[in-house]
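Engineer: To start, I am sharing the structure in question, which I have written as structure tokens.
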Amino acid sequence: MTIKNICCLGAGYVGGPTCSVIALKCPEIKVTVADLSKERIAQWNSDKLPIYEPGLDEVVKTCRGRNLFFSNDISGSILEADLIFISVNTPTKITGNGKGRAADLKYVESAARLIADVAQSNKIVVEKSTVPVRAAESIANILIANQKPGVTYQILSNPEFLAEGTAVTDLLSADRVLIGGEDTKEGRAAVEELCSIYEHWIPRTKIVTMNTWSSELSKLAANAMLAQRISSINSLSAVCEATGADVSEVARAVGLDSRIGSKFLQSSVGFGGSCFQKDILNLVYICECLNLPEVAAYWQQVIDMNEYQKHRFTTKIVESCFNTLSGKKICILGFAFKKNTGDTRESPAIHVAKTLLDEGASIKIYDPKVDKEQIDEDLTNPYVCENPEDFRKRIAIYTDPYAASNGCHAIVVCTEWDEFIHLDYKKIYGNMMKPAYIFDGRKILDHQALINMGYHVQTIGKKL
Ligand code: NAD
Ligand code: UDX
């Protein structure tokens with residue numbers, strides 16, 4: 001079979017950009033991204049895409065209507081596809097067995113059931129979502145139990161390693177593409193079909209094939225080890241603050257060792273995003289189920305250290321402001337979990353804002369890409385607060401950083417947006433309450449220059 005038609009179930013942060021790049025690089029293949037959400041599909045078909053990713057607008061504009069389509073016709077898309085990516089969300093379970101840790105596979109299962117219902121011809125089904133080890137087996141069980149005569153399936157694992165904010169460049173020049181499949185004649189043939197798609201732009205040497213379970217576990221392992229580096233450097237930031245060492249200097253010295261490398265050693269208020277916490281919790285749960293409590297405890301510590309770091313940062317804010325925030329106005333610069341995205345899932349800014357609100361502060365928030373509705377939802381949902389009306393009265397959202405900081409007692413930098421580096425902090429100082437505080441949770445500002453202007457400055461991993 002030569003793949004002529006691809007369908008992707010799930011038009012989210014992964015399905016949308018991944019399939020847009022496939023469509024760009026494989027003009028002879030028709031790619032349809034299908035989703036249950038009418039609103040999301042309408043946005044993908046509009047001028048304002050549902051997600052912000054540098055470079056994505058151009059790719060979508062080039063391909064949409066040519067060989068790239070966004071649709072709510074999920075059954076129709078499955079019917080005509082030779083290869084189907086499952087790229088649906090796999091959140092942490094919030095109720096039942098494994099609640100708070102295990103991955104909730106209900107969307108993956110519903111996608112598999114739909115494929116089984118609809119398919120009339122042979123399909124390669126590719127697990128793109130991040131899943132627990134052996135999830136491909138569950139997908140296979142559903143497909144085989146409902147198999148129609150003459151229809152065969154091959155299930156592959158092809159985890160995605162893109163990071164938000166750099167998704168397009170990550171996809172165009174991936175460090176590696178990972179494909180797991182069955183070691184049978186049919187399995188190897190399916191792996192080759194998927195390889196041939198990526199080979200349109202990724203050198204063959206960077207396409208790594210392996211068994212399905214290794215591929216599934218590699219994705220969890222990669223995220224766990226990336227997050228572990230951040231927790232490691234954040235743990236050392238506490239030592240720096242207590243001793244007078246500077247965590248940036250320590251990170252530089254350590255990272256110059258080519259065996260360690262310099263990436264992912266940026267100490268911060270803590271890691272956020274939809275993946276790290278969810279995937280490590282999933283790994284912890286798997287280890288517990290496999291009766292490996294020591295291994296589970298080891299990885300759990302990466303999450304615990306991240307919670308500690310967020311807590312340490314907000315405690316520092318409260319203690320510096322005379323241990324009371326009641327009636328004070330605090331400006332939060334940045335609400336996204338990192339720069340160059342509008343995504344706020346697990347953003348440390350949510351923890352910071354909630355703590356400040358709990359302490360009685362009014363908060364004024366500015367983020368260049370996060371919508372007002374999203375911030376409102378993040379800070380007033382029942383998991384975050386008991387009295388949404390009380391919180392709402394004390395939250396104001398701005399489209400300009402100068403207006404957001406006007407009249408505030410303190411500024412808290414929660415996201416490392418480049419534009420925050422270049423703000424006119426002299427002008428801002430003039431319009432703030434005194435003493436004026438800046439808490440730099442991302443270590444992006446020129447602290448000495450701010451001190452010279454009159455600010456009281458605190459940051460991570462350095463006593464100022
Ligand atoms: P998302 O929530 O942005 O998108 C998932 C989409 O799937 C939603 O639009 C939802 O409506 C849709 N959906 C759910 N069930 C469906 C069904 N049966 N048929 C069609 N559509 C359905 O999620 P995401 O961030 O794109 O993540 C998707 C997967 O990729 C997750 O497993 C995640 O862990 C993994 N992942 C995410 C990233 C990232 O940076 N966000 C990176 C690598 C891997
Ligand atoms: C991550 C993985 O990097 C990616 O490979 C995977 O596919 C999905 O999960 P993402 O969560 O989008 O990507 O962004 P990432 O750049 O990894 O940042 C995650 C969080 O860690 C952010 O809050 C970021 O600010 C923080 N971070 C990152 C640090 O605090 N310090 C660092 O040195 C790097």
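Engineer: Taking only protein heavy atoms and a 1.4 Å probe, what accessible area per residue, in Å², does the chain have with all protein chains in place?
Structural biologist: With all protein chains present, the chain gives 44 Å² per residue.
Engineer: Okay, moving on. Between TRP213 and VAL239, what is the FRET efficiency for a Förster distance of 45 Å, r being their Cβ-Cβ separation, to the nearest 0.05?
Structural biologist: Given R0 = 45 Å and the Cβ-Cβ separation, E is 0.70.
Engineer: For HIS456, which sequence-distant residues (separation of 5 or more, or a different chain) have an amide H within less than 5 Å of its own amide H, given hydrogens modelled in the peptide plane?
Structural biologist: Long-range HN contacts for HIS456: ALA436, TYR437, ILE438.
Engineer: Report, in listed order, any pair from LYS61/LYS185; LYS99/LYS338; LYS434/LYS462 with a Cα-Cα distance greater than 30 Å.
Structural biologist: Beyond 30 Å: LYS61/LYS185.
Engineer: Continuing with this model, one more query. Calculate one ³J(HN,Hα) per residue across the range 346-363 by plugging θ = phi - 60° into the Karplus curve 6.51 cos²θ - 1.76 cosθ + 1.60, and present them in order as whole Hz with x for glycine and proline.
Structural biologist: Karplus values, whole Hz, x for Gly and Pro: 6, 5, x, 4, 5, 4, 4, 4, 4, 4, 5, 5, 4, 7, x, 6, 9, 10.
Engineer: So, one more: When only the heavy atoms of the protein chains count and the probe is 1.4 Å, how do PHE70, PHE264 rank by accessible area, highest first? List each step's numbers first, then the result.
Structural biologist: Working: PHE70 15, PHE264 90 Å².
From most accessible down to least: PHE264, PHE70.
Engineer: Okay, next question. Skipping prolines and chain starts, which residues have an amide H placed within reach, meaning under 5 Å, of the one on GLU416, given they are 5 or more residues away or on another chain?
Structural biologist: LYS339
Engineer: Still on this model: Relative contact order for the range 1-97 using alpha-carbon pairs under 8 Å, separation at least 6, rounded to a whole percent?
Structural biologist: Relative contact order for the range 1-97 comes out at 43 percent.
Engineer: Let me ask something else about it. Whole-Hz Karplus ³J(HN,Hα) for the range 114-120, in order, using 6.51 cos²θ - 1.76 cosθ + 1.60 and θ = phi - 60°, x for Gly and Pro?
Structural biologist: Whole-Hz 3J(HN,Hα) from phi for the range 114-120: 5, 4, 4, 5, 8, 4, 10.
Engineer: Which of the aspartates and glutamates could a cross-linker span from LYS427 if the Cα-Cα distance has to be under 12 Å and same-chain partners fewer than 8 positions apart are dropped?
Structural biologist: Correct list for LYS427: empty, as no aspartates and glutamates qualify.
Engineer: Sticking with this one: Just tell me which aspartates and glutamates come within less than 17 Å, Cα to Cα, of LYS369; anything on the same chain fewer than 8 places away is out.
Structural biologist: Here the aspartates and glutamates satisfying the reach criterion relative to LYS369 are ASP47, GLU53, ASP57, GLU164, ASP343, GLU346, GLU377, ASP378, ASP400, GLU416, ASP418, GLU419.
Engineer: Using the Kirkwood formula over every pair of different C-alpha atoms, what hydrodynamic radius in Å results for the range 133-207?
Structural biologist: 14.0
Engineer: Find the Rg to Rh ratio for the chain, where Rh is the Kirkwood radius over alpha-carbon pairs and Rg uses the same atoms.
Structural biologist: Ratio of gyration radius to Kirkwood radius for the chain: 1.00.
Engineer: Give the relative contact order (percent, whole number) for the chain; include only Cα pairs under 8 Å separated by 6+ residues. Mind dumping the intermediate values first?
Structural biologist: Values: 884 pairs, mean separation 55.2, N = 464.
12 percent.
Engineer: In the structure shown, do any of LYS219/LYS316; LYS25/LYS128; LYS93/LYS463 have a Cα-Cα gap over 30 Å, and if so which?
Structural biologist: On the way: LYS219/LYS316 35 Å; LYS25/LYS128 18 Å; LYS93/LYS463 40 Å.
The pairs that break the limit, which is 30 Å between Cα atoms, are LYS219/LYS316; LYS93/LYS463.
Engineer: With Cβ to Cβ distances under 11 Å as the rule, what net charge do the other residues near GLY96 carry (K, R +1; D, E -1)?
Structural biologist: Its environment carries a net charge of +2.
Engineer: From the backbone phi of the range 424-432, what are the Karplus-calculated ³J(HN,Hα) couplings (6.51 cos²θ - 1.76 cosθ + 1.60, θ = phi - 60°) in whole Hz, Gly and Pro given as x?
Structural biologist: Taking θ as phi minus 60°, the curve returns 7, 5, 5, 4, 4, 4, x, 9, 9 Hz for the range 424-432.
Engineer: Amide H neighbours of PHE69 under 5 Å, at least 5 residues apart or on other chains, H built in the peptide plane: list them.
Structural biologist: Counting only residues 5 or more places away or on other chains, the set is VAL31, THR32, VAL33.
Engineer: Let me have the relative contact order for the range 308-464, percent, based on Cα pairs under 8 Å that are six or more residues apart. Working shown, then result.
Structural biologist: Values: 279 pairs, mean separation 35.1, N = 157.
Computed value for the range 308-464: 22 percent relative contact order.
Engineer: Is it possible to state the helix-based mean residue ellipticity at 222 nm for the chain, with each DSSP H run of 4+ residues giving -39500 (n - 2.57), the sum divided by total residues, to the nearest 500 deg cm²/dmol? What is it?
Structural biologist: Value at 222 nm, helices only: -13500 deg cm²/dmol.
The values are calculated or read from the model by the stated rules, or taken from the named source; none is laboratory data. Values in this document were obtained by computation on a predicted structure and should not be read as measured data. Please note: Cβ atoms are built from the backbone with ideal geometry, for glycine as well, and neighbour counts cover all protein chains shown. Note: accessible area is taken over every heavy atom of the protein model, side chains too, but ligands, DNA and RNA are not part of it. Shrake-Rupley method; radii C 1.70, N 1.55, O 1.52, S 1.80 Å.
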